[in-house]
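Taking it in order: structure first as structure tokens, then the write-up.
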Amino acid sequence: MTKLKLPDVVRACLFDLDGVLTRTAVVHAAAWKETFDAFLRRRDGDGFRPFDSAHDYDEYVDGLPRADGVRSFLASRGIELPEGAEDDPPEKDTVHGLGNRKNALVLEKIREQGVAVYPGSVRFVEAVRAAGLRTAVVSSSANCRDVLIAAGIEHLFEVRIDGVVAAERELPGKPHPDTFLEAARELRVGAGEAAVFEDALAGMEAGRAGGFGHVVGVDRVGQAEGLRKHGADIVVGDLAELLEGDAA
């Protein structure tokens, strides 16, 4: 059996989706940029300051529930919009309208491009299950189940706490720890017995705030120091690095 480089106390592993398991973070970043750039161009004209897919994405929207991401980025630019309603059309300039536009773009891009996984992450999750540890996926995305199915990895997770479940149970999203804590509760383990795997700064903060036994930062974009600063106990470039003897 493959040995896992995890503390002995860990009985369950809680995985973020985008950027940790699947290569959809770049799809989300592109959809956010298209959404915000179109809005800013309408608001400020051709001289608008574009959304930065690196800095703005990492700082203001990555890992957050959709509406929170809209509010966070707009606040960074000193912009306030009406909240609107959850079913606002994508062309409406409200918090929910912009969020729905971004979601429509993500779904369109996923249909066109499909969903790719990180092979090292899949090997790691399979090894985690083989070792008898519990598994859950914890994502802010309302499209989490569709992405898991499209990627062919839904069967690897016993519990799914995503944007849909969080809304139904009124759980605040990351950087609050509530969605991770809910996953641990469903797996019947304490927070101190669970490891969190995240690539977003907000996810690191959630792991730290929840008192989890081990918080792993997955650095896909060169922000290792930021992940450590926001709560990572360890940072890896790929989850395969946590497999003893694995050639990542």
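The values are calculated or read from the model by the stated rules, or taken from the named source; none is laboratory data. In this text, all values refer to a predicted model and were calculated from it rather than measured experimentally. Note: ideal-geometry Cβ built from the backbone for every residue, glycine included; neighbour counts use all protein chains shown. Note: areas computed on protein heavy atoms with side chains; ligands, DNA, RNA excluded. Shrake-Rupley method; radii C 1.70, N 1.55, O 1.52, S 1.80 Å.
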Restricting segment 201-213 to residues that are open to solvent by 30 Å² or more (accessible area, probe 1.4 Å) and not small (Gly, Ala, Ser), the residue that is nearest to LEU17 (Cα to Cα): GLU205
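Filter segment 151-164 down to residues that are without any contact (Cβ under 8 Å) to a residue 12 or more places away in the chain and within 17 Å of the chain's Cα centre (by Cα), then give me how many there are.
Pass one, segment 151-164, residues without any contact (Cβ under 8 Å) to a residue 12 or more places away in the chain: 154-155.
Those left that are additionally within 17 Å of the chain's Cα centre (by Cα): 154.
Count: 1.
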First in segment 3-25 and over 22 Å from LEU181 (Cβ atoms), second anywhere and among the hydroxyl-bearing types (Ser, Thr, Tyr) and assigned to a loop (DSSP other than H, G, I, E, B), Cβ under 9 Å, 6 or more apart: THR22/TYR118; ARG23/TYR118; THR24/SER141
Any hit, segment 68-83, residues being in a loop (DSSP other than H, G, I, E, B), on the phi > 0 side of the Ramachandran plot and open to solvent by 60 Å² or more (accessible area, probe 1.4 Å): yes
Members of segment 219-235 found to be among the hydrophobic types (A, V, I, L, M, F, W, C) and touching a strand residue (DSSP E or B) at 6+ places or on another chain (Cβ under 6 Å), listed by number: ALA224, LEU227, ALA232, ILE234, VAL235
Counted residues, segment 145-169 - those being over 16 Å from PHE197 (Cα atoms) and assigned to a helix (DSSP H, G or I): 15
Evaluation of ALA194 against (1) open to solvent by 20 Å² or more (accessible area, probe 1.4 Å); (2) more than 23 Å from HIS55 (Cα to Cα); (3) aliphatic (A, V, I, L, M) (one fails), failing number: (1)
Out of ALA75, ALA54, sole residue that is under 30 Å from LEU239 (Cα atoms) and of a type outside the set (Lys, Arg): ALA54
Residues (open to solvent by less than 50 Å² (accessible area, probe 1.4 Å), without any contact (Cβ under 8 Å) to a residue 40 or more places away in the chain and not in a loop (DSSP other than H, G, I, E, B)) located in segment 43-67: ASP56, TYR57, VAL61, ALA67
Any pair with Cβ under 8 angstrom, 6 or more apart, that starts in segment 110-125 at a residue that is farther than 14 Å from ALA150 by Cα and modelled with pLDDT of 85 or more and ends at one that is open to solvent by 40 Å² or more (accessible area, probe 1.4 Å) and not aliphatic (A, V, I, L, M): GLY120/GLU241; GLY120/ASP246; ARG123/ASP246
Matching residues, segment 100-140, being assigned to a helix (DSSP H, G or I) and open to solvent by 50 Å² or more (accessible area, probe 1.4 Å): ARG101, LEU107, GLU108, ARG111, GLU112, GLN113, PRO119, ARG123, GLU126, ARG129, ALA130
Pairs, first more than 17 Å from LEU21 (Cα to Cα) in segment 218-238, second open to solvent by 60 Å² or more (accessible area, probe 1.4 Å) and small (Gly, Ala, Ser), C-beta under 8 Å, six or more apart: GLY231/ALA209
